[in-house]
Amino acid sequence: MKKIVFASVMALASMSLVVAPKLRAQDQTTIKIQDPAEFNAYQMAITQTDPKAKAAALESFLEHYPQSVVKNAVLDMLVDTYQGLGDADKTLGAASRLMQVDPNNMKAIFISVFIKKNQCLKTSDAQTCNDAGALATKGLAVQKPAGVSDDDWKKQTGATYPIFHSALALDDILGKKDIKAGISEYRTELMLYPPDATKSGPGLVDTLQLAEAYTKPEGRDLVLAVWFYARAWNFAPPAFKAQIEPKMEYYYKKYHGNLDGLDAVKTQAAATVFPPGTFQISAAATPAEVAHKVVVETTDLTTLNLSDKEFILASGSKEDADKLWAVMKDQVTPVPGIVIEATASVIKLAVSQDAKDAKTADFIVNLKKPLDDKDLPAVGFEFGLQPKAELDGTYDSYSQVPATATMLQTAQIVLRDGFIQPEKKKPVAPRKPAASHRRTH
């Protein structure tokens, strides 16, 4: 089975800048090339109109004149050319070479951070995230070069510093696993943007990232999580609102007990990036009290959705959990969730939002028949995301799992006789009989 990556942050990020914003090159002093052959090669390279031909000519110039007095300028043009071609790897390579000859070149540092940050976001590779963070730290330490006006420097730092803090946040969260430090960096980033700049592009993406960070056990603050989810939801393109809304509602309901008042939060969050000091959401009763209220007030417990059932099994008293389990046990059910581990005989999934956030399995499905290797779902595959991808099983047992440093209290639910639904073929419409033609005389 193909791995399906379902992440609202990545989806929204794809709507933001694909190519790093262009910065002006730092001022070059008047340069004179003394060697006529070198001068002609330089002129030939910089006057190419086809981007691919220009890149090749600039590379050829650098190969033949590696110590040229115009090396900085040629590398700068090469960065722009590769960026215009949309070749991130070669852009990064050219920027790295530019930093070798001009270590404090803000343009080269910024473009390198931008590309490395996007690679970190896509791959979660710790080393890539560390590299982005190290370059961002370097960029924040660069002093204003001689010859650059205060106004131009302000424009450059205004464009680059938010991205540097964004890269540091990703490095903290994905590379160093320091959620609180990442939250601090995201907040710093959003403070640097003009408010309107957080309504699209990287500012909007990182508003959503900040909301996600506030849901993690190490930095958990559901009031702020809901605020920043609401802020992102307000300005997300329509296609992505449906991906943000379930999380916003989930955490609001988890904290408040129901969805009353959420529309007012959305309205407030549309007006300002950060919540006012007076902002608050009234807390619900304890999880056990909420679970008891649902059990008592629900006439038919089978009508509860899966997340509510798991909440009661995880947080309710033993009496309430057992009462619900009595109507669930031995029932066949689809199991929508993200695959955490899969073997021929067992598939472990993260079904609840808390389990997905912690990348921990809360449902264990023991299969009725072993799967062939070719049929094993990949880690990260999400059942229920597509109509064709359905995993079914029969409720067998459950247990409450106490909270840990990285995971809130949850339920471990075990199912037996699991199977993956075969793809259902569309019925073939009956062929209409050919129209008869009567010959008239």
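Let me spell out the model: positive unit charges on the Cβ of Lys and Arg, negative unit charges on the Cβ of Asp and Glu, origin at the Cα centre of the chain. What dipole size does that give, in debye rounded to 20? Before the final figure, lay out each step's value.
Details: 51 positive and 52 negative charges, 295 e Å.
The dipole of the chain has a size of about 1420 debye.
Give, as a single signed number, the net charge of other residues whose beta carbon lies under 10 Å from the beta carbon of ALA270, with Lys and Arg counted +1 and Asp and Glu -1. Before the final figure, lay out the partial values.
Values: positive: LYS199, ARG231, LYS266; negative: none.
Residues near ALA270 contribute +3 overall.
If you take the C-alpha gyration tensor of segment 271-402, multiply each eigenvalue by 5 and take the square root, what semi-axes do you get, largest first, in whole Å? Could the numbers behind the result be given before it?
Working: eigenvalues 182, 97, 31 Å².
In descending order the semi-axes read 30, 22, 12 Å.
If you take the beta carbon distance between VAL332 and ALA181 as r and set R0 to 45 Å, what does 1/(1 + (r/R0)^6) give as a FRET efficiency, to the nearest 0.05?
Details: r = 46 Å, r/R0 = 1.01.
With a Förster radius of 45 Å, E is 0.50.
Counting C-alpha atoms alone, how compact is the chain: give Rg to one decimal and Dmax as a whole number, in angstrom.
28.3, 101
What's the center-to-center distance, using Cα atoms, between segment 195-259 and segment 158-175 in Å?
Taking the Cα centre of each part, segment 195-259 and segment 158-175 sit 19 Å apart.
In terms of the Cα gyration tensor, with a ≥ b ≥ c the square roots of its eigenvalues, is segment 285-328 rounded because a/c is under 1.5, prolate because a/b exceeds b/c, or oblate? Intermediate values should be presented prior to the final figure.
On the way: a/c = 1.43, a/b = 1.33, b/c = 1.08.
Verdict is rounded for segment 285-328.
Near LYS247, within a Cβ-to-Cβ distance under 10 Å, what is the net charge of the other residues, with Lys and Arg +1 and Asp and Glu -1? Intermediate results must be reported in sequence, preceding the final value.
On the way: positive: LYS356; negative: GLU212, GLU245, GLU249, ASP357.
Net charge around LYS247: -3.
Normalized C-alpha radius of gyration of segment 354-399, against 2.2 N^0.38 Å?
Values: Rg = 12.1 Å, N = 46, 2.2 N^0.38 = 9.4 Å.
For segment 354-399, the normalised Cα radius of gyration comes out at 1.29.
When the helix-only estimate is applied to the chain (DSSP H runs of n ≥ 4, each -39,500 (n - 2.57), divided by the residue count), what is the mean residue ellipticity at 222 nm, nearest 500 deg cm²/dmol?
Working: 17 runs with 223 residues, N = 441.
So the helix-based figure for the chain works out to -16000 deg cm²/dmol.
In terms of modelled amide H atoms, which long-range or inter-chain residues lie less than 5 Å from the amide H of VAL346?
The list, which skips near neighbours in sequence, is LEU367.
Measure nothing but the geometry: give the 0 to 90° angle between the long axis through the Cα atoms of 126-141 and the longest principal axis through the Cα atoms of the chain, rounded to 10°.
In the chain, helix 126-141 runs at an angle near 50 degrees to the longest axis.
If I model a spin label as a point 7 Å beyond the Cα along the Cα-Cβ vector, how far apart are those points for THR267 and THR298 in nm?
3.1
If you take the alpha carbon radius of gyration of segment 17-199 and divide it by 2.2 N^0.38 Å, what ratio comes out, to two decimals? Mind showing how you got there, number by number?
Values: Rg = 17.7 Å, N = 183, 2.2 N^0.38 = 15.9 Å.
Taking N as the residue count of segment 17-199, the ratio is 1.11.
Measure nothing fancy, just the Cα-based angle from helix 88-101's long axis to the longest principal axis of the chain, in degrees from 0 to 90, nearest 10.
Its long axis makes an angle of about 40 degrees.
Using the alpha-carbon atoms, what tilt in degrees (0 to 90, nearest 10) does helix 179-192 show relative to the longest principal axis of the chain?
Helix 179-192 and the main axis of the chain meet at about 60 degrees.
Which value, to two decimals, describes the C-alpha radius of gyration of segment 166-317 once divided by 2.2 N^0.38 Å?
1.13
Throughout, read-outs are computed from the coordinates displayed, never taken from laboratory work. All values derive from a computational prediction rather than experimental measurement. So basically every Cβ, Gly included, is an ideal-geometry build from the backbone, and we count neighbours across all protein chains shown.
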